[in-house]
Every structure is written in C-alpha cells, then in structure tokens.
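To start, the structure itself, in structure tokens.
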Amino acid sequence: MAVALLLVTPLGWAQSPSISGTLGAVGSDTMAGLMLRWGEALTSRHPDVTLQFQASGSASAPPALMAGTTRLGPMSRPMTDVERDNFIERYGYPPLELKVARDALIIVVHRHNPLRALTHQQVDVIFSTSRACGGEASIRRWEQLPETRDWSFGRIALHGRNLASGTHGLFQERALCGGQFRSDISEHPGSSAVVAAVGESANAMGYAGFNHLTPAVHAVSLYNDDGTAIPPDEAAIQSGDYPLSRYLYLYVNLPPGETLPPPEQALLTLILSAEGQQIARASGFVPLTTSVLNAQQAW
C-alpha cells in the first residue's frame, strides 16, 4: 500500500526562507503518521520545505535508496545484511543508520478477553508451524491456554502484517525464532487494520505496533527469561525490558565526507532534538534515551 503525504504550510506560522526544497522519503507504513508530524514541524520552521512520504512498507526503503529515487528510507526494522550489502555494492559505502524512536511489537486480544500474559514459547506455537523456539505442541484453541480455559470462543483467529512490513519480518525473527508463520493468519497492510480486526472479534489475536492500541483491545504482557510478566508500557519499551521492544530507523544515503542538503539536514536535526522526540511520544511511540541521542549527534 502506498500513501503519499504532502505537507503544506499553515497560515500564520513563522517564515524562514533560508531553506527550501522538497524531501522525498519511502518506507515504513508504521512510521507514516510520525513522519507526517515531523514534516509538519519542519515546515513550521521552514515554510519552503515540503516532505513527500510514500508509506509502502519497510521492505520498499532499501530498493528506493539503491535506485536513487529517495535519500531517506524510514524502516521499522534494521536493514538485513543482504539489503546493506546490496547498497554497498551499488554505492561503495554503507547507508547512514539513525535510530529515531522506540517502539514495540505487541500481542493484542479483544478487550473482554481474560488473557493477560504469554511466554515466548506460547507466542511461537500460537503463530507458527515450525515451533522453532522450543515449544512442544501447537496452540490453536483458547481452551489450550490456562487463562482462557473457560473462554468459550473455540479456535483462535489470528491477524498480522503482510510481507512488505518490517513488523512482519521482525516478529518472525524475534517472536518465532525465525520460524514459519501459520498459513491461516489474516494479513493486513497496516497495524491499525490488525487492531481493528481483533477488536471486532472475541476469538481473535494479533500482533501490531505499540502505537496502534485502541480501547477495543488490550495488549498482553510477555514473560521475560526470569519469569516476570512485562507489560508493553513506555518505561519497559524505552529500557528494552519488554521482550519485543524495537528501534525505529531512518536510513540515509550520505556519501562519506559529504554533507546533506539543507532540507534533509534540518529534518534530521529536528528528529534528534527534544522537540522531535516529544513529537514521537505524542504520536504513540517512545522517545530515545539521552545516551542514544547523544551518541548520534555526530552524524
């Protein structure tokens, strides 16, 4: 799914004609709203700067960067070794990788569902066929889980993301230990669609991005290696204590020794500023820690 986001300048905002131009970005649909808000803040500072973002999934960012159709590639997962190697083969240098916010993959169930926590192995045997995380038997029905033994809705209906999504790939790698998804999972082009589907069906379960929680569902805590159930709240996501925490990334085509054009430079400076990180929080994500921000100031 491709979504073009065009930012226009609201009347009355301060004029700053020193920087002008159009920024193009291609990548994560998870980050579409966040990129839009960062772009709006940038345009408020520099009215002659426009951001156009094509939100077609994280998998679309590396090819667009390689083809030179964009300089900016937002991704909700890290680049794979293959994607990075292909970029290096094309340009002779690696893309600049910036962490821009924290997020998490969450398991959601219907708001009335009594399920409150799952182990890593339970998540795997629910969503996969391969059971690569060491589970002994598949879980297909609610009565197979202790907390939902009396939840009389029979078979678990699963919902998730499509192949173009970074959320899909990261969930497969981390939650399924690289195993194979079940073939009967209903795939959706966005996390909001996953959450909506789960919220409409009492027998449903899905995985989505943290910032898409709604009152129609609730997020399930995950047990860590010590047997403690960790909820996906801001503190646990920022610290990485929640097992499926993740960074959101912005990949940039920046040749060594060169500087970015002023519009791109202004956007990156904004993203890594206190204002930019507050925008991330207001968009449902989790700000970076001071140490991570400081480590990236020399980009």
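The values are calculated or read from the model by the stated rules, or taken from the named source; none is laboratory data. Everything quoted here is computed from the prediction, not taken from an experiment. Glycine also receives a Cβ, built like all others from the backbone with ideal geometry; neighbour counts cover every protein chain displayed.
For the reader, a short list of remarks on this structure follows.
- When region 151-161 is filtered for residues that are in contact (Cβ under 8 Å) with a residue 12 or more places away in the chain and surrounded by fewer than 16 Cβ atoms within 10 Å (Cβ to Cβ), the ones remaining, listed by number, are 154, 155.
- So residue 147, is it without any contact (Cβ under 8 Å) to a residue 60 or more places away in the chain and either loosely packed, with under 15 Cβ neighbours inside 10 Å or part of a helix (DSSP H, G or I) (or both): yes
Okay, residues lined up against (1) touching a Cys at 6+ places or on another chain (Cβ under 8 Å); (2) under 14 Å from residue 250 (Cβ atoms); (3) among the β-branched types (Val, Ile, Thr):
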| site | (1), (2), (3) |
| --- | --- |
| 34 | no, yes, no |
| 40 | no, no, no |
| 43 | no, no, yes |
| 51 | no, yes, no |
| 56 | no, no, no |
| 61 | no, yes, no |
| 71 | no, yes, no |
| 85 | no, no, no |
| 90 | no, no, no |
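- Residue that is farthest from the chain's Cα centre (by Cα) [pool: residues in region 271-299 that are part of a helix (DSSP H, G or I) and closer than 24 Å to residue 48 by Cβ]: 275
- Flag if residue 83 is part of a strand (DSSP E or B), in contact (Cβ under 8 Å) with a residue 12 or more places away in the chain and out of contact with any His (no Cβ under 6 Å at 6 or more places or on another chain): no
- Among the residues of region 232-270, those that are assigned to a loop (DSSP other than H, G, I, E, B) and farther than 30 Å from residue 19 by Cα comprise 232, 233, 240, 241, 242, 243, 244.
- Residue satisfying condition, being among the acidic types (Asp, Glu), in contact with a helix residue (DSSP H, G or I) (Cβ under 9 Å, 6 or more places away or on another chain) and within 30 Å of residue 298 (Cβ to Cβ), within set 225, 241: 241
- Residue identified as at pLDDT 95 or above and more than 22 Å from residue 136 (Cβ to Cβ) among 175, 193: 193
- In region 132-142, residue surrounded by the most Cβ atoms within 10 Å (Cβ to Cβ) [restricted to those that are touching an Asp or Glu at 6+ places or on another chain (Cβ under 8 Å) and at pLDDT 95 or above]: 133
- Of all positions in region 222-231, at least one carries a residue that is of a type outside the set (Val, Ile, Thr), assigned to a strand (DSSP E or B), modelled with pLDDT of 95 or more and touching a Pro at 6+ places or on another chain (Cβ under 7 Å).
- Which listed residue, of 191, 221, is touching a residue at least 40 places away in the same chain (Cβ under 8 Å), touching a His at 6+ places or on another chain (Cβ under 6 Å) and buried (at least 19 other Cβ atoms within 10 Å of the Cβ): 191
- Within the set 123, 109, the sole residue that is outside the structural domain of residue 288 (by TED's automatic domain parsing) and not in a helix (DSSP H, G or I) turns out to be 109.
- Boolean, residue 187 is part of a helix (DSSP H, G or I), under 24 Å from residue 80 (Cβ atoms) and of a type in the set (D, E, K, R): no
- When 218, 159 are screened for being over 19 Å from residue 243 (Cβ atoms), assigned to a strand (DSSP E or B), at pLDDT 95 or above and not aromatic (Phe, Trp, Tyr), only 159 passes.
- The set of residues in region 43-61 that are part of a helix (DSSP H, G or I), modelled with pLDDT under 95 and of a type outside the set (S, T, N, Q) comprises 45, 59.
- Any chance residue 147 is in the same structural domain as residue 56 (by TED's automatic domain parsing) and of a type in the set (Asp, Glu): no
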